[in-house]
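*Asks:* Following this message is one structure expressed as structure tokens.
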Amino acid sequence: MRKKRLSAILSIIRECEIENQEMLLAELKTRGFEATQATISRDIKELRLIKTSEDGISRYVKEGAEKSPASALLFRQAVTSVDYALNIAVLKCEPGWAGAVCAAFDRMGFPNIVGTIAGEDTVFVLARTEKDAKEIYEKVSEML
């Protein structure tokens, strides 16, 4: 049960903006997990979750998922353009670099991402909504 709860916590923080432990407990409960605040606190420590603040909203992310200077450098060197249509963001890369860019993007912990896929020179990012895809477009554009 513990491993399933830890996995659920990681899914929750990827899908939702969880600002505090109470919000996390409530979301876990909606997914069928019963836990105490003390248990959640231990889980947060074990998963190495940290709080970040972006646009005035604080939320939990996996430690190391925040945008790192190395990721920004990789994006500036490998990504040639970014665009979006509906709920899909597209990152065009130098040939052969899409896999590395996709892996770095996944580690950044963007919220509301359904999944990513990389080809030779293109990364597709499937976002939950068009608004989420636009936010990805804007944030990646700032990195270039």
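*Asks:* Please verify whether residue 22 is at pLDDT 85 or above, part of a helix (DSSP H, G or I) and charged (D, E, K, R), treating the condition exactly as stated. Before you say what the answer is, go through the steps one by one.
*Replies:* Details: at pLDDT 85 or above: yes; part of a helix (DSSP H, G or I): yes; charged (D, E, K, R): yes.
It is true that residue 22 is at pLDDT 85 or above, part of a helix (DSSP H, G or I) and charged (D, E, K, R).
Residues checked against (1) under 14 Å from the mean Cα position of the chain (by Cα); (2) at pLDDT below 80; (3) aliphatic (A, V, I, L, M):
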| position | (1), (2), (3) |
| --- | --- |
| 85 | no, no, yes |
| 103 | yes, no, yes |
| 120 | no, no, no |
| 123 | no, no, yes |
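*Asks:* If you don't mind, there's one more thing I want to ask. In region 77-99, how many are surrounded by fewer than 16 Cβ atoms within 10 Å (Cβ to Cβ) and either out of contact with any strand residue (DSSP E or B) (no Cβ under 7 Å at 6 or more places or on another chain) or in a loop (DSSP other than H, G, I, E, B) (or both)?
*Replies:* Number satisfying all stated conditions: 6.
*Asks:* Checking residue 36 against (1) among the hydroxyl-bearing types (Ser, Thr, Tyr); (2) at pLDDT below 90; (3) over 27 Å from residue 142 (Cα atoms), only one condition comes out false. Which one?
*Replies:* All conditions pass for residue 36, except number (2).
*Asks:* Applying the selection to region 109-144, what residues are in a loop (DSSP other than H, G, I, E, B) and over 16 Å from residue 77 (Cβ atoms)?
*Replies:* Selection gives 109, 110, 111, 112, 119, 120, 128, 129.
The values are calculated or read from the model by the stated rules, or taken from the named source; none is laboratory data. In this text, all values refer to a predicted model and were calculated from it rather than measured experimentally. When we count neighbours, we look across all protein chains shown, and the Cβ atoms used for this are built from the backbone with ideal geometry, even at glycine.
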